[in-house]
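Input: a single structure, listed below in structure tokens.
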């Protein structure tokens, strides 16, 4: 242990010690690299985009490191930087639902369709068994088909368990917008899974 | 207290599951759920669907050389600044 007479450490006064700052940053931030990469893959859907965005995140985070007030929250701080970068990328190529599509989405109910169709008549837990048929890839494809403005809050909610207020801060929109986007994101997932069930022959294809 | 229709109740399901409802809307929804078995089933399905999607997130393999590439990117950024 160093003596207590040393007045400063890299953590207390990082800006004056660039080498100390960098090593302190790496020590704190690099253990979260795997976590951030997985989050980035889930947000962007592409490994190359994910790697780019992770590199950008670390560069930006090193730059802003002296402003980090709570080092124990560094993972969530890094996740926020990464989410901002993903959203910024999406702004360059925004995708939205058409207005008519939104009205249809809001009314969509996978629960009702499965109930009406009853594709597994011998099941004692119809909806659970219906979902269990889907391979992982189908869920991934449905998530990636979501426009980013819906996918990003949904993935952040699932992975980071953030509150609507935190999501609103990260994504720079009102809480009401977060609420409607998360609602539509789930409805979209329901509709994609229903389409997928028809393609796979889990249900009759002439419906809906 | 407002009496909700099933359609109005369903619009609040996800906010309820995400613990984002409070005050009057929460009370209205809870009152509706006490009397509507169909909405209880639908809410349970919404919860089930959330859990299903979360467990089906693809496993992501982290490239071995990712850390060294990030360190190199930090080196380049430090030299440029």
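Of the residues B:38, B:81, which single one is more than 9 Å from chain A (Cβ to nearest Cβ) and either more than 24 Å from residue A:142 (Cβ to Cβ) or out of contact with any helix residue (DSSP H, G or I) (no Cβ under 6 Å at 6 or more places or on another chain) (or both)?
Just a single option satisfies the conditions, and that option is B:38.
When you look at residue B:58, is it at the interface with chain A (Cβ under 7 Å from one of its Cβ atoms) and either surrounded by 13 or more Cβ atoms within 10 Å (Cβ to Cβ) or not in a helix (DSSP H, G or I) (or both), yes or no?
yes
Taking into account only those residues within segment A:176-190 that are more than 8 Å from chain B (Cβ to nearest Cβ) and farther than 17 Å from residue A:84 by Cβ, which is farthest from the chain's Cα centre (by Cα)?
The selected residue is A:176.
In segment B:14-33, what count of residues is obtained for those that are over 18 Å from residue A:162 (Cβ atoms) and either in contact with a helix residue (DSSP H, G or I) (Cβ under 9 Å, 6 or more places away or on another chain) or not in a helix (DSSP H, G or I) (or both)?
7
Just checking, which of A:185, A:168 is in a helix (DSSP H, G or I) and either in contact with a strand residue (DSSP E or B) (Cβ under 8 Å, 6 or more places away or on another chain) or over 18 Å from residue A:110 (Cβ atoms) (or both)?
The conditions single out A:168.
Take residue B:73 and tell me if it is assigned to a helix (DSSP H, G or I) and within 7 Å of chain A (Cβ to nearest Cβ).
yes
Identify, from the list B:50, B:28, the residue that is touching a residue at least 12 places away in the same chain (Cβ under 8 Å) and within 8 Å of chain A (Cβ to nearest Cβ).
After applying the criteria, what remains is B:50.
Of all residues in segment A:110-137, how many are within 11 Å of chain B (Cβ to nearest Cβ) and either in contact with a strand residue (DSSP E or B) (Cβ under 6 Å, 6 or more places away or on another chain) or farther than 14 Å from residue A:203 by Cβ (or both)?
Going through segment A:110-137 one residue at a time, the tally reaches 6.
Okay, residues lined up against (1) within 13 Å of the chain's Cα centre (by Cα); (2) outside the structural domain of residue A:77 (by TED's automatic domain parsing); (3) crowded, with 20+ Cβ neighbours inside 10 Å:
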position: A:133; (1), (2), (3): no, yes, no
position: A:146; (1), (2), (3): yes, yes, yes
position: A:152; (1), (2), (3): yes, yes, yes
position: A:156; (1), (2), (3): yes, yes, yes
position: A:159; (1), (2), (3): yes, yes, no
position: A:165; (1), (2), (3): no, yes, no
position: A:173; (1), (2), (3): no, yes, no
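Just give me the residues in segment A:41-56 being crowded, with 21+ Cβ neighbours inside 10 Å and more than 9 Å from chain B (Cβ to nearest Cβ), in sequence order.
Matches in segment A:41-56: A:43, A:44, A:53.
Within segment A:138-163, which residues are assigned to a loop (DSSP other than H, G, I, E, B) and facing another protein chain (nearest Cβ under 8 Å)?
Pass one, segment A:138-163, residues assigned to a loop (DSSP other than H, G, I, E, B): A:146-147, A:161-163.
Passing the criteria: only A:163.
The values are calculated or read from the model by the stated rules, or taken from the named source; none is laboratory data. Values in this document were obtained by computation on a predicted structure and should not be read as measured data. Backbone-built Cβ (ideal geometry, glycine too); neighbour counts: all protein chains shown.
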